[in-house]
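Structure record follows, encoded as structure tokens.
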Amino acid sequence: MTEHTMSEYFKNIATGATTIATGMGITLKHFFNAVKRKGDAGIDDVDYFGQVDGLVTLQYPREAVPTPSNGRYRLHNDIDDCIGCGQCVRACPVSCIEMETIKVMPEDLAACGKTSGGQQKKFWVPVFDIDTAKCMTCGICTTVCPTECLRHTPVADFSDFDRWNLVYHFGNLTRHEAEAKKRKVEEAQAKAQAEKERKAAEAAAAPAEPGETNP
Ligand code: SF4
Ligand code: SF4
């Protein structure tokens, strides 16, 4: 073995040892850093995801990964601001919103109230159900909602043993209230129809003006 080859041999060993030491140094640094929580404020730190060091394993379900404030998670409808326009229902690509509305009678407009933006509500919304098991949180419904009452919340974990518990109800009337209001609308419609027919019958029975001929 020549002197040059010997020197090359020991140089390679030194390079190998340095490489291993560097790698192990980085590994040990992360190892010891990982005994601490991420960031000073822990899991509630707004910059949680920007922090490199710290524990990645959480004590779930006692603690969970924070959700970003602009994330699209479980939907909520502030039903007091919902005008029952149905735009969200029509826009949903998977038809997971079910809505029923009842026209508000003129004498009940004040009781039905206005949205927080001052818009008079003209429909009761006894049923507004969102099937979150089907919802893909695309956000289209929130985009088209004119009053912005439909919005995403930061709630990302809402698993349940019963699939039907994943249907969230936001309607603003009980079943009995809805039935009473429907009856009231039907009675008013029947009365209006009867009045229309009475007037038509009166017109048909009226004597013809001179020069006119009855059909
Ligand atoms: S987020 Fe998308 S899938 Fe879910 S209810 Fe809205 S439109 Fe439908
Ligand atoms: S689009 Fe908004 S206001 Fe209209 S029915 Fe849906 S939630 Fe209500």
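Expressed as a rounded percentage, what relative contact order does the stretch 75-176 have, with Cα pairs under 8 Å and six or more residues apart?
Averaging sequence separation for qualifying contacts and normalising by length gives 38 percent for the stretch 75-176.
Just to confirm my numbers, what's the Cα centroid distance between the stretch 137-176 and the stretch 59-122 in Å?
Cα centroid to Cα centroid, the span is 7 Å.
What three numbers, in Å, describe the spread of the alpha carbons of the chain along their principal axes, ordered from the longest?
137, 39, 35
Can you pick out the pairs among LYS121/LYS191; LYS134/LYS184; LYS121/LYS184 whose Cα atoms lie more than 28 Å from each other?
Among LYS121/LYS191; LYS134/LYS184; LYS121/LYS184, the Cα-Cα distance tops 28 Å for LYS134/LYS184.
Please turn the phi angles of the stretch 11-20 into ³J(HN,Hα) values with the Karplus equation 6.51 cos²θ - 1.76 cosθ + 1.60 (θ = phi - 60°), one per residue in order, whole Hz, x for glycine and proline.
With coefficients 6.51, -1.76 and 1.60, one gets 5, 5, 5, 5, 4, x, 5, 5, 4, 5 Hz.
Taking the Cβ of ILE97 as the centre, find all other residues whose Cβ is under 10 Å away and add up their charges (Lys, Arg: +1; Asp, Glu: -1).
My count for the surroundings of ILE97 gives -1.
Starting from the Cα gyration tensor of the stretch 126-172, take the square roots of the eigenvalues, sort them a ≥ b ≥ c, and report rounded, prolate or oblate (rounded when a/c is under 1.5, otherwise prolate if a/b is larger than b/c, else oblate).
oblate
Want the number for VAL94 to LYS114: 0.36 nm per residue separation, take away the alpha-carbon distance, what's left?
Answer, rounded to one decimal: 4.2 nm.
What does the convex hull of the Cα atoms come to per residue for the stretch 75-176, in Å³?
Here the figure is 101 Å³ per residue.
What ³J(HN,Hα) values, in whole Hz, does the Karplus curve 6.51 cos²θ - 1.76 cosθ + 1.60 give for the stretch 87-103 when θ = phi - 60°, with x put for Gly and Pro?
Karplus-based 3J(HN,Hα) across the stretch 87-103 equals 5, 5, 4, 5, 7, 5, x, 10, 6, 9, 10, 10, 9, 10, 10, 10, 4 Hz.
Order 178-184, 99-105, 190-196 from most to least packed using the mean count of other Cβ atoms within 10 Å.
Result, highest mean Cβ count within 10 Å first: 99-105, 178-184, 190-196.
Along the stretch 186-195, what does the Karplus equation 6.51 cos²θ - 1.76 cosθ + 1.60 (θ = phi - 60°) give for ³J(HN,Hα), rounded to whole Hz, x for Gly and Pro?
After applying 6.51 cos²θ - 1.76 cosθ + 1.60, I find 5, 5, 5, 5, 5, 5, 5, 5, 5, 5 Hz.
Every number here is computed from the coordinates shown, using simple stated rules; none is lab data. All figures in this text were calculated on a predicted structure; none of them were measured in a lab. Note that we place each Cβ from the backbone using ideal geometry, even for glycine, and neighbour counts take in every protein chain shown.
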